[in-house]
Amino acid sequence: MNNSIEIYNLNKSFKSVKALDNLKLTVEQGGFYGLIGPDGAGKTTLMRIITGLLLPDSGDIMIGGLNPVTDYRKLRLKLGYMPGKFSLYQDLTVEENLSFFAKVFDTTIKENYHLIAPVYSQIEPFKNRRAGKLSGGMKQKLALSCALVHKPEILILDEPTTGVDAVSRREFWEMLNQIRQKGITILVSTPYMEEAVLCDKISLMFDGKIIDSGTPTEITSKFKEKIYILKTTRLREILKIARQMRELKSVNAFGQNLHLVVRDNLVGIHEIESFIKKACDYEFEIEPSQADIEDCFIDYLVS
Amino acid sequence: MRILLIILRKEFLQIFRNKMMLPIIFIMPFVQTLVLVYAATLDLQHTNITIVDLDHSQMSEKLCSKFDASSFFDVNFGQCDYDNLDKMLLTETTKAVLIIPHNFENDMRTGIKTQLQLNINAIDGQTAGLINIYVNQTILSLLKELKPFVNKTDLMVMPASIQAKPRFWYNETLNYKHFMLPGILTILISMIGIFLTSLNLVREKEMGTIEQINVTPIKKWQFLSGKLIPFWLIGLFDLALGILIGVILFDLPIEGSILSLFIFSGLYLFTAIGLGLLISDFADTQQQAMFTIFFFFLIFVLMGGVFTSVESMPVWAQYINKINPLYYFMKIIRAILLKGSGIKDMMNEFFALLVYGIIAMSVAVWQYRKTN
């Protein structure tokens with residue numbers, strides 16, 4: 001199978017800050033690829049280089065068989081890009097925005113309606129509303145429609161779900177799934193670790209480097225240490241206590257729970273339980289668990 | 001070309017929805033021509049003048065009635081109380097004080113040199129100068145009538161005096177409005193060319209929309225033309241509107257050809273738009289652009305000869321004006337409207353603006369690539 005995105009030894013610095021460090025990334029044609037990482041990891045920089053908006057310092061880049069530095073003109077026809085910040089005309093209506101971006105690619109909304117339908121049909125009732133007056137979720141849908149309207153081969157989405165409510169986020173990922181079924185390669189970035197499992201392949205990014213790549217299960221299965229989930233109402237107090245236990249490699253709060261990672265299988269569930277009980281008499285429940293992407297990420301940062 | 005039309009359509013859509021730009025385009029021409037031309041006028045009408053007649057002779061009465069008859073002056077008669085007269089000047093109850101001395105008529109008749117005293121409030125030097133001229137003209141008109149009278153009585157021979165009778169070419173009646181209106185129009189279309197163009201371009205940067213444009217097949221020339229052409233057209237439209245208002249309300253003369261006026265205006269707008277683009281290259285927000293333009297614009301306007309005469313500026317200032325596009329256009333628009341000059345007569349200004357425009361536009365377009 002051909003690769004839609006092939007990047008080797010990519011470097012990019014802004015003054016003294018190294019934004020991308022010898023980065024390697026390959027995305028198969030038709031793939032649904034996620035770039036997972038916190039703010040400042042270099043996700044946006046990478047995407048702007050892929051779309052030809054930014055020039056790399058060095059590296060070999062092939063996007064859809066084209067070099068974004070020299071063949072950016074041809075590449076623009078193949079790429080759909082949705083920037084992290086809403087970048088459509090707020091003073092134009094939904095339909096005017098979409099039709100403008102269709103026309104500059106020499107196509108029409110009608111011609112590619114089948115492609116944008118899963119997304120656009122949801123905001124079509126508001127097509128005469130100014131884009132600036134849309135809600136966050138609807139803005140994202142409009143931006144996605146505009147990025148899709150010229151039938152790109154590769155879709156680049158920079159943190160499309162940041163700042164969008166949980167329901168809209170889920171909807172959005174469902175729409176991406178429908179789009180990828182039409183054969184469009186998708187590269188999406190997100191700071192939300194739980195969204196990683198929705199992609200078929202992911203790369204964990206941190207500090208301009210890719211820490212790990214593979215399918216979400218491949219990545220989590222590499223996690224060798226035992227992991228326990230601790231449920232309690234006294235999260236902060238127990239966190240403090242658990243962190244004193246030397247046999248635990250890391251203790252972190254994940255939402256309402258604590259994730260406890262055991263160092264080299266040194267202790268089991270009972271030892272942990274009794275350690276905490278000795279220190280306090282708050283109620284808690286503890287059970288063994290599987291590592292998720294966030295555990296892997298934190299594990300990398302700790303070691 | 002197709003893409004350019006798409007962009008132009010989008011630009012006009014946005015301009016007509018922009019709550020800041022619309023009033024500037026459609027209301028400012030009216031406000032500027034109606035308010036500024038009337039307000040920023042130097043025409044003297046009903047200037048308060050106080051005459052202290054110490055002679056009370058036939059001749060002094062005649063002089064007073066001359067002033068009284070003039071529409072330039074509203075005459076008050078005052079007592080010879082210097083403190084009070086001083087106070088009147090200070091409090092601006094009167095603009096000028098004319099004192100006719102004792103023996104005025106007698107001295108005139110006997111050929112003794114006589115002097116009138118004129119005190120003018122000169123806080124505003126330009127107005128003071130005008131008052132001086134009008135007063136002198138009024139006095140001269142009296143002397144003219146005196147001549148035969150003096151000769152007839154043969155008491156003395158008046159020295160033959162040379163009278164320079166000025167004729168004000170190109171603006172016979174010294175109608176200040178005809179002088180101001182072209183200036184106001186220059187400011188108007190400069191604002192459109194520089195301010196609106198620049199703000200409109202920076203807006204795309206500020207809103208981030210440029211990011212989305214940059215991943216489309218739109219080429220740089222298409223994008224820039226699409227952004228600039230609307231303001232070129234709007235500038236010309238506003239000029240036409242302003243001239244129309246001028247002709248209807250102020251009897252603005254159009255001595256030269258409208259065609260050459262619009263050729264020059266098109267060229268000047270090209271230059272102004274180039275400057276607007278250049279400034280937008282270096283600004284990231286509309287606010288930055290505003291402040292930068294404001295700095296240059298004030299200097300351009302004040303030095304360009306809209307309100308004051310460039311010829312009376314010091315030489316170094318006149319050199320600075322060589323890089324002031326407003327100065328050239330100011331000269332051109334007045335020459336065409338009031339003097340009837342054509343392109344042939346203004347070749348220097350034409351080429352100055354052409355070179356200026358080409359340089360400004362090329363640098364701006366070249367710089368634009370870098371910010372991309």
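The values are calculated or read from the model by the stated rules, or taken from the named source; none is laboratory data. This is a predicted model, so every value here is computed, not measured. Ideal geometry is used to build each Cβ from the backbone, glycine not excepted, and the neighbour counts take in all protein chains shown.
Considering B:E105, B:E92, B:E61, which residue is surrounded by fewer than 17 Cβ atoms within 10 Å (Cβ to Cβ), outside the structural domain of B:T216 (by TED's automatic domain parsing) and part of a helix (DSSP H, G or I)?
Details: B:E105 fails: surrounded by fewer than 17 Cβ atoms within 10 Å (Cβ to Cβ); B:E92 fails: part of a helix (DSSP H, G or I).
After applying the criteria, what remains is B:E61.
Scanning for something crowded, with 16+ Cβ neighbours inside 10 Å, more than 20 Å from A:D165 (Cα to Cα) and in contact with a helix residue (DSSP H, G or I) (Cβ under 7 Å, 6 or more places away or on another chain), does the stretch A:65-79 turn up at least one residue?
yes
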*Tally the residues that are part of a loop (DSSP other than H, G, I, E, B) and either free of Cβ contacts under 8 Å to residues at least 12 places away in the same chain or in contact with a Gly (Cβ under 6 Å, 6 or more places away or on another chain) (or both), restricting the search to the stretch A:211-245.*
2
*Subset tally (residues that are of a type in the set (V, I, T), farther than 30 Å from B:G125 by Cβ and away from chain A (no Cβ under 14 Å)) for the stretch B:1-44*: 3
*Within the stretch A:35-48, is even one residue in contact (Cβ under 8 Å) with a residue 24 or more places away in the chain and more than 23 Å from A:Y192 (Cβ to Cβ)?*
no
_Scope the stretch A:173-208; condition part of a helix (DSSP H, G or I) and either more than 21 Å from A:Q122 (Cα to Cα) or basic (K, R) (or both); matching residues_ = A:R180, A:M193, A:E194, A:E195, A:A196, A:V197, A:L198
*Scan the stretch B:4-44 residue by residue and report those that are among the β-branched types (V, I, T), at pLDDT below 85 and over 17 Å from B:L188 (Cα atoms).*
B:T41
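Criterion first (under 17 Å from A:L35 (Cβ atoms) and in a loop (DSSP other than H, G, I, E, B)) does A:P160 satisfy it?
So A:P160 passes the test.
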*Only one residue in A:F223, A:F275, A:F254 is among the aromatic types (F, W, Y) and closer than 30 Å to A:E6 by Cα, so which one is that?*
A:F223
*Candidate set: the stretch B:238-272, residues that are free of Cβ contacts under 8 Å to residues at least 24 places away in the same chain and within 21 Å of B:L196 (Cβ to Cβ); chosen: the one surrounded by the most Cβ atoms within 10 Å (Cβ to Cβ)*: B:A240
*May I ask you to say which residue of B:F291, B:F270 is under 27 Å from B:F237 (Cβ atoms), modelled with pLDDT of 90 or more, over 14 Å from the mean Cα position of the chain (by Cα) and in a helix (DSSP H, G or I)?*
B:F270
_Looking only at the stretch A:32-55, how many residues end up being part of a helix (DSSP H, G or I) and not hydroxyl-bearing (S, T, Y)?_
6
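Identify the residue in the stretch A:129-149 that is part of a helix (DSSP H, G or I) and away from chain B (no Cβ under 14 Å) and, among all such residues, is surrounded by the most Cβ atoms within 10 Å (Cβ to Cβ).
Kept after step one, since they are part of a helix (DSSP H, G or I), are these residues of the stretch A:129-149: A:131-133, A:136-148.
Now narrow it down to the ones that are away from chain B (no Cβ under 14 Å): A:136-138, A:141.
Details: A:G136: 13, A:G137: 19, A:M138: 18, A:K141: 27.
Out of the qualifying residues, it is A:K141.
Considering the stretch A:67-114 alone, what residues qualify as being among the aromatic types (F, W, Y) and either within 26 Å of the chain's Cα centre (by Cα) or within 11 Å of chain B (Cβ to nearest Cβ) (or both)? Before you say what the answer is, go through the steps one by one.
Going through the stretch A:67-114, the residues among the aromatic types (F, W, Y) turn out to be A:72, A:81, A:86, A:89, A:100-101, A:105, A:113.
Matches in the stretch A:67-114: A:Y72, A:Y81, A:F86, A:Y89, A:F100, A:F101, A:F105.
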*Quick one: how many residues across the stretch B:80-89 are assigned to a loop (DSSP other than H, G, I, E, B) and in contact with a strand residue (DSSP E or B) (Cβ under 7 Å, 6 or more places away or on another chain)?*
1
_With the structure loaded, tell me whether B:I243 is part of a loop (DSSP other than H, G, I, E, B), modelled with pLDDT of 90 or more and among the hydrophobic types (A, V, I, L, M, F, W, C) or whether it fails that test._
no
*From (1) out of contact with any Leu (no Cβ under 6 Å at 6 or more places or on another chain); (2) hydrophobic (A, V, I, L, M, F, W, C); (3) under 11 Å from A:I154 (Cα atoms), pick out the condition that doesn't hold for A:L75.*
(1)
*Look at B:G256 and say whether it is under 25 Å from B:V37 (Cβ atoms), assigned to a helix (DSSP H, G or I) and either away from chain A (no Cβ under 14 Å) or at pLDDT below 95 (or both).*
no
*Would you be able to tell me the number of residues in the stretch B:182-224 that are within 14 Å of another protein chain (Cβ to nearest Cβ) and among the polar types (S, T, N, Q)?*
6
_Considering only the stretch A:22-43, I want to know if a residue exists there that is within 10 Å of chain B (Cβ to nearest Cβ) and either more than 25 Å from A:W173 (Cα to Cα) or surrounded by fewer than 19 Cβ atoms within 10 Å (Cβ to Cβ) (or both)._
no
*Here is a list of conditions, (1) within 17 Å of A:L77 (Cα to Cα); (2) among the β-branched types (V, I, T); (3) within 15 Å of the chain's Cα centre (by Cα); (4) away from every other protein chain (no Cβ under 14 Å), and A:I156 meets all of them except one; can you say which number that is?*
(4)
*Report, ordered by the first and then the second residue, all pairs with beta carbons closer than 7 Å, sequence separation of six or more or different chains, a first member in the stretch A:143-156 that is farther than 14 Å from A:D106 by Cα and not assigned by TED's automatic domain parsing to the domain that holds A:L92, and a second member that is among the aromatic types (F, W, Y) and in a strand (DSSP E or B).*
none
